[in-house]
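Rule-based calculations on the coordinates, nothing more; no lab input. Quick caveat, the model's predicted, so the values are computed rather than measured. Note that we place each Cβ from the backbone using ideal geometry, even for glycine, and neighbour counts take in every protein chain shown.
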Amino acid sequence: MEKKPLLGVGRNIVALGVVSFFTDVSSEMIFPLLPIFLTSVLGAGKELVGLIEGIADSISSIFDILVGYFSDKFERRKDFVVAGYGLSSIVKIGFVLSTSWWHVLIMRGLERVGKGLRTAPRDSIIAASVNEKTRGRAFGLHRAMDTAGAVVGPVLAYFILKLFGETNSAYYDIFKLALIPAFIAVAVLILFVREPRKPAEIKRKHPFWDSLKQTSGKYKKFLAISVLFSVAYFSFAFFIVRATDIGVKPEDVLLMYILYNAMYLLFSVPVGTLSDRIGRKPVIAGAFALYGLVCLGFAFASLWWHAALLFAVYGIFVATDDSVNKAYVSDLEPDEIRGMALGAYNTATAAAYLPASLLVGILWSTQGPVVGFGVAAAIAIISAVALMVYGK
């Protein structure tokens with residue numbers, strides 16, 4: 001009798017989910033606190049927060065297209081994934097040693113280089129480990145396990161802050177403890193994740209530019225619209241800063257961040273499965289529009305429960321954006337060039353993250369939050385309409 005795949009998706013998906021779980025326990029003990037750490041402990045302004053987070057978001061995917069291509073060509077995707085998670089784990093030691101905003105800038109950038117090394121090859125492994133009928137579920141399950149770690153991490157950080165108080169040393173203690181799950185993740189990856197078997201007829205010998213030319217028209221249209229949307233997709237750090245501006249305490253921001261991740265966790269598998277059933281495009285367009293509404297909400301938020309509600313809705317958006325978009329790209333391109341296609345998508349959209357964060361940071365500082373978040377909302381809603389009308 002043929003064995004059923006583990007959790008309906010197989011061992012690789014589950015193992016990669018465990019890796020992402022521990023990585024996010026580590027990362028999310030640190031990153032939700034970084035905007036507060038930068039502004040309250042290190043004395044950085046909102047412009048510097050935008051610069052650091054914008055560079056970090058851009059750097060994470062700037063080399064994805066090359067990493068994806070070479071992981072296809074050499075058929076050694078796991079090696080790239082191990083290098084990426086390993087680098088991100090090692091450089092987190094630097095947060096423990098940071099005493100100035102530019103230290104955080106360097107460490108945040110290097111940590112995101114690790115993300116850039118691992119993302120496209122990892123997503124290619126996920127896509128190749130399942131068939132198209134369960135691909136949305138597989139990406140959704142991976143994101144759900146990833147997000148479970150993103151719930152646990154802030155919970156741990158919250159209790160440490162409650163126990164020791166909001167002191168400078170408490171932040172550094174959290175950064176130290178975050179190293180433990182980071183290195184557990186690398187060990188699980190090395191021991192339990194395998195390269196998927198490849199069809200014998202597939203040969204990855206195409207030159208780089210030929211691989212790019214082979215991508216489909218649908219892929220190119222989706223990529224163009226995704227880049228437009230990314231101009232509105234500024235750093236999440238601004239939502240955290242906005243919450244503190246309307247009076248939410250740092251430890252309560254962590255609770256809202258946990259709520260955001262809980263919604264992300266709850267919706268990752270359902271939205272992935274929904275896209276398997278009704279198609280990816282309407283689900284993605286709906287997510288773009290939802291993000292626009294979140295931006296509008298933060299523009300006019302004035303009470304703590306406004307922020308809590310918006311963090312929850314934002315979790316639904318990210319659950320969709322992180323799973324369904326990758327499943328859609330994987331559907332559009334064959335395994336032969338899939339790593340490169342996923343990498344090109346990550347690189348192209350990431351190129352807009354830095355100007356997006358800088359734009360909102362500058363508009364917020366000079367014109368106020370209504371203008372900053374309002375411009376982003378308009379771009380997001382235009383992108384949703386463009387995907388439904390032109391993304392065929």
Specify whether the C-alpha gyration tensor of the stretch 212-345 places it in the rounded, prolate or oblate class, a ≥ b ≥ c being the square roots of the eigenvalues: rounded for a/c under 1.5, otherwise prolate if a/b is larger than b/c and oblate if not. prolate
In the structure shown, of 115/213; 73/221; 133/281; 115/249; 92/115; 92/249, the pairs separated by more than 22 angstrom at the C-alpha atoms are 115/213; 73/221; 115/249; 92/249
Under the helix-only model (-39500 (n - 2.57) for each DSSP H run of 4 or more, divided by the residues of the chain), the mean residue ellipticity at 222 nm, to 500 deg cm²/dmol, is -26500 deg cm²/dmol
Ascending count of other beta-carbon atoms within 10 Å, so fewest first, for 39, 147: 39, 147
Per residue of the stretch 371-387, what does 6.51 cos²θ - 1.76 cosθ + 1.60 with θ = phi - 60° give for ³J(HN,Hα)? Whole Hz please, x for Gly and Pro, Karplus curve as stated. 5, x, 6, x, 4, 4, 4, 4, 5, 5, 5, 4, 5, 4, 5, 4, 5
Where does the charge balance sit around residue 23 when Lys and Arg score +1, Asp and Glu -1, over other residues with C-beta under 12 Å from its C-beta? 0
Sites residue 303 and residue 252, calculated FRET efficiency, Cβ-Cβ separation with R0 22 Å, nearest 0.05: 0.95
With angles folded into 0 to 90 degrees, how steeply does helix 335-350 sit against the dominant principal axis of the chain? Use alpha carbons for both and round to 10. 20 degrees
For a quick check: sort 324, 370 by the number of other beta carbons within 10 angstrom, fewest at the front. 370, 324
Order these by the 10 Å Cβ neighbour count, fewest first: 366, 215. 366, 215
Roughly what angle does helix 250-278 make with the longest principal axis of the chain, taking Cα atoms, 0 to 90 degrees, to the nearest 10? 20 degrees
How large is the translational diffusion coefficient of the stretch 62-110 in µm² per second when you combine the Kirkwood radius over alpha carbon pairs with Stokes-Einstein at 10 °C and 1.306 mPa s? 130 µm²/s
Report ³J(HN,Hα) in whole Hz for each residue of the stretch 95-105, in order, from the Karplus equation J = 6.51 cos²θ - 1.76 cosθ + 1.60 where θ = phi - 60°; Gly and Pro get x. 5, 5, 9, 6, 10, 8, 4, 6, 5, 4, 4
Taking the Cα atoms of the chain alone, what are Rg (to one decimal) and Dmax (as a whole number) in Å? 19.9, 67
Among all the aspartates and glutamates, which ones have a C-alpha under 20 Å from residue 162's C-alpha, if same-chain residues fewer than 8 places away are not counted? 28, 173, 251, 252
What number comes out for the charge environment of residue 152, summing +1 per Lys or Arg and -1 per Asp or Glu over other residues with Cβ under 14 Å away? -3
Give me the net charge of residue 261's neighbourhood, meaning all other residues with Cβ under 10 Å from the Cβ of residue 261; Lys, Arg count +1, Asp, Glu -1. -3
Label the stretch 211-269 by shape, choosing from rounded, prolate and oblate, from the square roots a ≥ b ≥ c of the eigenvalues of the Cα gyration tensor; if a/c is under 1.5 it is rounded, and otherwise prolate applies when a/b is larger than b/c, oblate when it is not. prolate
Rg to Rh, two decimals, where the stretch 316-366 supplies the alpha carbon set and Rh follows Kirkwood: 1.15
With axes computed from alpha carbons, what is the tilt in degrees of helix 179-192 against the longest principal axis of the chain, rounded to the nearest 10 within 0 to 90? 10 degrees
Would you mind getting me the FRET efficiency between residue 133 and residue 187? Use the beta-carbon distance for r and R0 = 35 Å, nearest 0.05. 0.60
Give a residue-ordered list of calculated ³J(HN,Hα) values for the stretch 321-333 (Karplus: 6.51 cos²θ - 1.76 cosθ + 1.60, θ = phi - 60°; whole Hz; x for Gly, Pro). 4, 7, 10, 5, 4, 5, 5, 5, 4, 5, 5, 6, 10
Along each principal axis, Cα extent of the stretch 125-187, largest first, Å: 50, 22, 12
